[in-house]
2 protein chains.
Amino acid sequence: MAQKPAIPKGTRDFSPVETARRNYIFSTIRDVYALYGFRQIETPAMENLSTLMGKYGEEGDKLLFKILNSGDFTRSLPAEALASESPQRLAARLCEKGLRYDLTVPFARYVVQHRDELQLPFKRYQIQPVWRADRPQKGRYREFYQCDADVVGSDSLLNEAELVQIVDEVFSRLGIRVAVKINNRKILSGIAELIGAPEKIVDITVAIDKLDKIGPDGVQAELLASGLSAEALEQLQPILALTGTNAEKLAAMRRVLAAIPAGLKGIDEVEAVLALVEDGDGLRNAVELDLTLARGLNYYTGCIFEVKALDFPIGSIAGGGRYDNLTGIFGLPGLSGVGISFGADRIYDVLAGLDLFPASAESATQLLFINFGAAEAAHCLRLAAAMRRRGIATEVYPDAVKMKKQMAYANACGVPYVALVGADEMRDGLVSLKNMTTGEQQMLTTEAVADLLAAVAND
Amino acid sequence: MAQKPAIPKGTRDFSPVETARRNYIFSTIRDVYALYGFRQIETPAMENLSTLMGKYGEEGDKLLFKILNSGDFTRSLPAEALASESPQRLAARLCEKGLRYDLTVPFARYVVQHRDELQLPFKRYQIQPVWRADRPQKGRYREFYQCDADVVGSDSLLNEAELVQIVDEVFSRLGIRVAVKINNRKILSGIAELIGAPEKIVDITVAIDKLDKIGPDGVQAELLASGLSAEALEQLQPILALTGTNAEKLAAMRRVLAAIPAGLKGIDEVEAVLALVEDGDGLRNAVELDLTLARGLNYYTGCIFEVKALDFPIGSIAGGGRYDNLTGIFGLPGLSGVGISFGADRIYDVLAGLDLFPASAESATQLLFINFGAAEAAHCLRLAAAMRRRGIATEVYPDAVKMKKQMAYANACGVPYVALVGADEMRDGLVSLKNMTTGEQQMLTTEAVADLLAAVAND
């Protein structure tokens, strides 16, 4: 036999069980987004490279998958260009399109392109794959889904509050206990201003972001290397070591940043969001002010969020924040936005690791009719039609092969009930129903079988 | 302002309303597939070009979107290769991966790659986009979804019968009246043998496939041009003009092909499938034997299907058939398969053209709370949480802007009910609920609002 075919490295096939489990995650997120009035859009997998290039930094540009122009793509190219240009410049001549790298830039492009049709604020969600030519490794893929919700065109902190509620609701429905970390980029800017190094804000947030990984000493070393003075570093220490309740931390920070208006505004924003979500019915998961939370992406300008699973060791499983000028890159300035994104692959790992996938996320067929021959199968096809009218997912084994093989199929596919209808049952108008879990077998009318399975399905 | 950004030609953005309508089609198909025990898989957008090339004919190879190799893709290329090779050969050196062209070849690749994990028969469905570098034109896109279900590893005609039932069920649920055309490739081979030109089967089926478009004279001219004798053509005439019920047509064909065993087998197969689907409860749509049905793809070997909408002029909206050796191309011969595919874009056009999309496929938010200021909004956020716990999709307008703007938002988003909760309503614990369709306004308790909207949603 020929060598087995394969798929490109970093990509994945999803089996029926994996696909059903992934759909369970996607539909939980989708249901909650819709419950909060977000509306789904879809954008093409391919975008013009002019849309994508320069939006993700130099590293990001290198990770874009580029699509070779169709037809005689070399025609307009002088031979010497082919032979002498750098790969980057040559790629730009060979390719006009690329695969989307995330959902945020296509969303910004969508808002600008369709601005005349949109009613602001625009609350959209989008669940689609993205592609990155990253070096594949455990947990990092070249094709993966993002599940984003964003509101553009509203400065109100109600949006931030609702996004926190959405996070709380999604993980409650999935049964994952989480901590929602909140911070604000304006507080971080305030800190940078306080220590007299406002131009160092990027270095500081990137370094603070690594606190978990490299520890306070590592962060200190990194900041010194970036040119921060020892005196400035000294002032950072108490801020990184802050403890207590959210209210205590906010009060302490208010004193530290008393002379920095931007920093105080950040504190006000966090306080307002916490008041909105803790008011009234409250949340099932804790929201914690975490001043070490910085998030890598530098377009955030206000509140930022990150979600950690409490019972499973893994990186953040959701995150987001406020950005003030996303559509500016496409010529439409002044639109503020705030969004959240769920990491479906990591959520999958948490649910699998904690054994939290419900059985309903995996089972497909509820009833299989065994095939005893042409006449019996034709009869069973009618019974199956009656079951399906009751909403019961039903199969008739297509071939009259050995019973053992048919039962093996039922087991392999996780079918919970098998119906045996031979000549006797046909004559008597009955079904011999076998429970594949208990092994118990009963003789029932078709109606009784449908009633039993409909009840099981609604359990 | 800068020039509006755009998307690559032949691709599409889908607005919230379009996405909701498309999801209605996909979920209808998905529900029916699952009801018949098909299980969903997903495969990567990118496949190795070695998997894709040579599977769709020379024309198909040209329509594959190819992905430029990452990194220094020219390194291993001699400069003279770049300058002198044909575009096809150069593309093969620059690209190892391509975007999938359909779902059938990736499925065959999946079955062979995962054959040790699969329990046969394998009933899978797959709903994913495919990409073709076709010249864009009305109704033809470079990115579009396919919705395929296939059974591999079973020769039984029960599968064909169930696929016809699935087609009947899907279009019944969508409210589209259809005719299901059925034919069999073995009957067509029998005809070719009868007229003494078995090697002409491809030409004959391709020409017959065009009967609707170019008429009998056109087909005749095309077949003469392909080298068929005038005598052979003469024998084709009565077959193309066959009329009557399915039973009458089959009886007539049985006489015509009496000496051709392969042709008789095809007639037996069609007869068996018709008996299975017409038996018992029957179908809501007619199944018609149509000897002019040939379908373009030459890998079909048994029954073939095509579905036409009765009340809207458009090409076939679903189709499929039996193929005997799909996985042979990947080194696993002898596995028979049969499948069906729904054309989501055309189904969308039919539903839109006949105004058949249900309102539930479009409405998202059921209730919008008007924002009268910070205190009222915080109060409304609690009421909104109560509504959402009852499953009612609810929004709180995030900004305390002019009432007119908030009502315009409700109208633009098609929100059916608006809640006005000002200082008086807050004090009295009531909600003033406005029906946006009738303009009617009522003062109600929160409970009463939830009851009313839950009842509307379940209507």
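The values are calculated or read from the model by the stated rules, or taken from the named source; none is laboratory data. Everything quoted here is computed from the prediction, not taken from an experiment. No Cβ is skipped: glycine too gets one built from the backbone with ideal geometry, and neighbour counts run over all protein chains shown. Accessible surface areas use protein heavy atoms only, side chains included; no ligands, DNA or RNA. Shrake-Rupley method; radii C 1.70, N 1.55, O 1.52, S 1.80 Å.
Only four residue types carry charge here, +1 at the Cβ of Lys and Arg and -1 at the Cβ of Asp and Glu. Report the dipole size of the stretch A:191-254 about the Cα centre in Debye, rounded to the nearest 20.
Charge dipole, the stretch A:191-254, about its Cα centre: 180 debye, nearest 20.
Treating the point 7 Å from Cα along Cα-beta-carbon as the label, what are the nm separations from A:Thr437 to the other copies, to one decimal?
Result, one decimal in nm: 4.2.
Buried accessible area for the B:A pair, summed, 1.4 Å probe, in Å² rounded to 100?
9000
On average, how many beta carbons from a partner chain sit within 10 Å of the beta carbon of a residue in B:14-20?
Mean shielding count: 6.
My understanding is that a pair violates if its Cα-Cα distance is over 22 Å; which of A:Lys186/B:Lys405; A:Lys4/A:Lys402; A:Lys55/A:Lys213; A:Lys186/A:Lys210; A:Lys123/B:Lys138 do that in this structure? Intermediate values should be presented prior to the final figure.
Numbers: A:Lys186/B:Lys405 30 Å; A:Lys4/A:Lys402 30 Å; A:Lys55/A:Lys213 27 Å; A:Lys186/A:Lys210 19 Å; A:Lys123/B:Lys138 31 Å.
Check vs 22 Å cut-off fails for A:Lys186/B:Lys405; A:Lys4/A:Lys402; A:Lys55/A:Lys213; A:Lys123/B:Lys138.
So which residues of the stretch B:132-170 lose at least 50 Å² of accessible area, probe 1.4 Å, when you go from the chain by itself to every protein chain present?
Residues losing area: B:Leu158, B:Glu162.
Out of all DSSP beta bridges with both ends in the stretch A:326-459, state the antiparallel percent to the nearest 5.
60
Per residue, how large is the accessible surface of the stretch B:201-306? Use a 1.4 angstrom probe and give square angstrom.
I get 49 Å² per residue for this part.
Please give the solvent-accessible surface of A:Cys380 in Å², to the nearest 10, using a probe radius of 1.4 Å with every protein chain present.
0
Could I have the simple spin-label model distance between B:Glu231 and B:Leu356, label points 7 Å from Cα toward Cβ, reported in nm to one decimal?
If labels sit at B:Glu231 and B:Leu356, their model points lie 4.9 nm apart.
Under the 0.36 nm per residue contour assumption, what length would be gained going from the current alpha-carbon distance of B:Asp31 and B:Arg254 to full extension?
76.4 nm
In nm, what is the difference between 0.36 nm times the number of residues separating B:Ala448 and B:Glu58 and their Cα-Cα distance? Each step should come with its number before you reach the end.
On the way: separation 390, 0.36 × 390 = 140.40 nm, distance 6.57 nm.
So the chain would gain 133.8 nm between B:Ala448 and B:Glu58.
How far, in nm to one decimal, is B:Pro333 from itself in the other copies if the label point is set 7 angstrom along Cα toward Cβ? Shortest first, please.
B:Pro333 label point versus its equivalents elsewhere: 7.0 nm.
Please list B:311-320, B:430-439 highest first by mean number of surrounding beta-carbon atoms within 10 Å per residue. Could the numbers behind the result be given before it?
Values: B:311-320: 18.2, B:430-439: 14.9.
The peptides rank, most packed first, as B:311-320, B:430-439.
Please list the radius of gyration and Dmax for the stretch A:6-73, considering alpha-carbon atoms only, with Å as the unit.
Both quantities, over Cα of the stretch A:6-73: 17.3, 49 Å.
Placing a label point 7 Å from Cα toward Cβ, how far apart in nm is A:Pro136 from its equivalents in the other copies, listed shortest first to one decimal?
Computed spacing set for this position: 3.1 nm.
Just checking the output field for A:28-40: average partner chain Cβ neighbours within 10 Å of each residue's Cβ?
Partner-chain Cβ atoms within 10 Å, mean over residues of A:28-40: 5.
From the Cα trace of chain B, what convex hull volume per residue do you get, rounded to a whole Å³?
Values: hull volume 105.6 nm³, N = 459.
It comes to 230 Å³ per residue, whole-number rounded.
Just the accessible area per residue of the stretch B:414-459, please: how many Å² with a 1.4 Å probe? Don't jump to the answer; show the numbers that get you there.
Numbers: 2420 Å² over 46 residues.
On a per-residue basis, the stretch B:414-459 sits at 53 Å².
Given labels modelled 7 Å from the Cα in the Cβ direction, how far is it in nm from A:Ser86 to B:Met426?
About 6.0 nm separates the two model spin labels.
On average, how many beta carbons from a partner chain sit within 10 Å of the beta carbon of a residue in B:121-128?
Taking the mean over all residues of the peptide, I get 3.
When the accessible area of the protein assembly as shown is split by element with a 1.4 Å probe, what percent falls to carbon and sulfur?
Answer for the protein assembly as shown: carbon and sulfur cover 51 percent of the accessible area.
Rounded to a whole number, what is D in µm²/s for the stretch B:101-175 from Stokes-Einstein with the Kirkwood radius over alpha-carbon pairs (10 °C, 1.306 mPa s)?
Rounded, D is 109 µm²/s.
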